[in-house]
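Enquirer: What follows is a structure written as structure tokens; I'll ask about it next.
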Amino acid sequence: MALRGIDPDITVLRDWAPRIALVVGQALHPAIVSVLRTLQFHPVVVSPDQAVSVVRSLGPTGFFLLGADVFADDHSVEAVQAWHRASPSARVKLVCPAERRDPDVLLRALRAGVTDVLDPDDRDACETSLRRGMTAAGAARERVLAIGAHPDDVEIGCGGTLLDHRMRGDRISILTLSRGAIGGDTQQRVTESGATADALGAQLLFADLPDTEIDDGVRTIRLIESVIQRLDPTVVYVHSAHDNHQDHRAVSTAVRSAARGVRRVFAYQSPSATNDFLPTQFVNIDETVRRKVELLALFRSQDGRSYLEPELVTAGARYWARHLAASARYAEPFEVVRSVGELRHSVTSPVFEEASQPTQELTVSPVALHAVPPVIASDDNGPALDALKASAGAPRTDPTTSTSGELAGAS
Ligand SMILES: [Zn+2]
């Protein structure tokens, strides 16, 4: 498949995975399903008991739409927070008809991080709220482009970081510039890349430059430029220039030209990196290192390559974590090719860690409710919750004074 605006010599082999909305318990309602389909979300309906395992197997979800039955008791607050930790970029909404709103349910929902209450009998209001949530979530999403010379380069160099982006709900594209003919059967290698792209929920683009003979000239630069212009990435990952493999060096050099307008470009470490590879940025991959090993196991055509051995992959990540001291056990290293502008989108910004700070200590009192706004003070803070907070004695949230940035992505 070709993509409009991208060089015709680049093939799109996988597009992004469909966006998922998890509908839990009594939230299932024909109007809700209809709105989700209108917004091109794929609704997945589960019981509260299944929710956590489904989130873990499906990957990040755009919305949690929760029925009132989810909040039957106080344990529900912790359960919903656990789901949210597994998919921190999801927007969490309660679906409950206006005439059946129980104050206990609403308070538990508030404590659990619900940002709006949808009345399924008011389809237009539901659509407005979900659209607002999509806009906010989209604004908080990174557009990630990882570029490699051969199949498996990107996954080896920054697979843990890409899995971390996926967990945050970011949009990932992988561009591979050759089909790796020297390292094995090209069809098998492309198929394996497709499997890893599926695991990452990533879009997969392939060029067909000659393996071991990639140059850093205008043709390579133009190919990469066309992808960058189309995808407008907020961050690019690419080979380091400090590498013994000529293809890796060529791609690194070409990307420096092609990505000259991208504000953040980071260089990952390949097994062929030289001792001059000198990283100064490190991404904590504690949450993803195990899945990175599983991801690399999908490259079966490369069985026997020592750099794919789980022991070496984890030992390398363990070594680089020394730069993060006690805050990480595993890390991926990056050289900074370019990082300009605000730090808000820094790849090391602890979006997930902050989002997962336990909030169980909140109790239902006006004082505690006052402590809640960093979670509920989101773009899509609904009138129902404002009314609830007012009735509980808490001040109405002023969006202009709320914490934005990281926490906005967490609600
Ligand atoms: Zn390579």
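Enquirer: By how many nm would the segment from T38 to T280 lengthen if fully extended, with 0.36 nm per residue of separation less the alpha-carbon distance?
Expert: This chain segment gains 82.7 nm when fully extended.
Enquirer: Which of the listed residues, I214, V251, S327, is farthest toward the dipole's positive end in the stretch 210-340, when Lys, Arg count +1 and Asp, Glu count -1 at the beta-carbon?
Expert: Value computed over the given set: S327.
Enquirer: Hull surface divided by four, with the convex hull built on the Cα atoms of the stretch 1-110: how many nm²?
Expert: About 8.5 nm², averaged over all directions.
Enquirer: Using DSSP to call loops (not H, G, I, E or B), can you name the trypsin sites (Lys or Arg not before Pro) in the stretch 199-298 whose Cβ has at most 16 other Cβ atoms within 10 angstrom?
Expert: Hits after loop and neighbour filter: R260, R263.
Enquirer: Which cross-chain or sequence-distant (5 or more) residues have an amide H under 5 Å from the amide H of V92, H modelled 1.01 Å from N in plane?
Expert: Under 5 Å from the amide H of V92: F64, T115.
Enquirer: Could you give each residue of the stretch 63-76 its phi-based ³J(HN,Hα) in whole Hz, using Karplus coefficients 6.51, -1.76, 1.60 with θ = phi - 60°, and x for Gly or Pro?
Expert: With coefficients 6.51, -1.76 and 1.60, one gets 9, 9, 10, 10, x, 4, 5, 4, 9, 5, 8, 5, 5, 4 Hz.
Enquirer: Whole-Hz Karplus ³J(HN,Hα) for the stretch 312-324, in order, using 6.51 cos²θ - 1.76 cosθ + 1.60 and θ = phi - 60°, x for Gly and Pro?
Expert: Running phi through 6.51 cos²θ - 1.76 cosθ + 1.60 with θ = phi - 60° gives 6, 4, 6, 5, x, 5, 5, 4, 5, 5, 4, 6, 9 Hz.
Enquirer: How many angstrom separate the Cα center of the stretch 222-261 from the Cα center of the stretch 302-326?
Expert: The distance from the Cα centre of the stretch 222-261 to that of the stretch 302-326 comes to 24 Å.
Enquirer: Now for a separate question. Placing +1 at every Lys and Arg Cβ and -1 at every Asp and Glu Cβ, with all other atoms neutral, what dipole size does the stretch 143-344 have around its Cα centre, in debye to the nearest 20?
Expert: 720
Enquirer: Here's something else I'd like to know. Residue by residue through the stretch 143-159, what is 3J(HN,Hα) from phi via Karplus (6.51 cos²θ - 1.76 cosθ + 1.60, θ = phi - 60°)? Round to whole Hz and write x for glycine and proline.
Expert: Working through the residues one at a time gives 10, 9, 10, 10, 10, x, 6, 10, x, 5, 4, 5, 5, 5, x, 9, x Hz.
Enquirer: Could you put W16, W320, W83 in order, starting from the residue whose Cβ has the fewest other Cβ atoms within 10 Å?
Expert: If I rank by nearby Cβ atoms, fewest first, I get W16, W320, W83.
Enquirer: Which residues' amide hydrogens lie under 5 Å from the amide hydrogen of A259, considering only partners 5 or more residues apart or on another chain, with H built in the peptide plane?
Expert: none
Enquirer: Rounded to the nearest 0.05, what FRET efficiency is calculated for A72 and I182 with R0 set to 51 Å and r the Cβ-Cβ distance?
Expert: Efficiency, rounded to the nearest 0.05: 0.25.
Enquirer: Then there's this: What's the Kirkwood radius of the stretch 143-344 in Å, using all Cα pairs?
Expert: By the Kirkwood definition, the hydrodynamic radius is 16.7 Å.
Enquirer: Could you check the spin-label model distance between R329 and E99? Points 7 Å from the Cα along Cα→Cβ, value in nm.
Expert: 5.5
Enquirer: Rounded to the nearest whole Å³, what is the per residue volume of the convex hull around the Cα atoms of the stretch 1-60?
Expert: With only Cα atoms used, the stretch 1-60 gives 93 Å³ per residue.
Enquirer: In percent, what relative contact order does the stretch 143-344 have, based on Cα pairs under 8 Å that are 6 or more apart in sequence?
Expert: 24
Enquirer: Next question. List residues of the stretch 17-35, by number, whose backbone nitrogen lies under 13 Å from a label position 7 Å along Cα→C-beta of R131.
Expert: 35, by backbone N distance to the label point.
The numbers here are math on the coordinates, done by the rules we state, and not lab data. Small disclaimer: the values here were computed from a predicted structure and weren't measured. Glycine also receives a Cβ, built like all others from the backbone with ideal geometry; neighbour counts cover every protein chain displayed.
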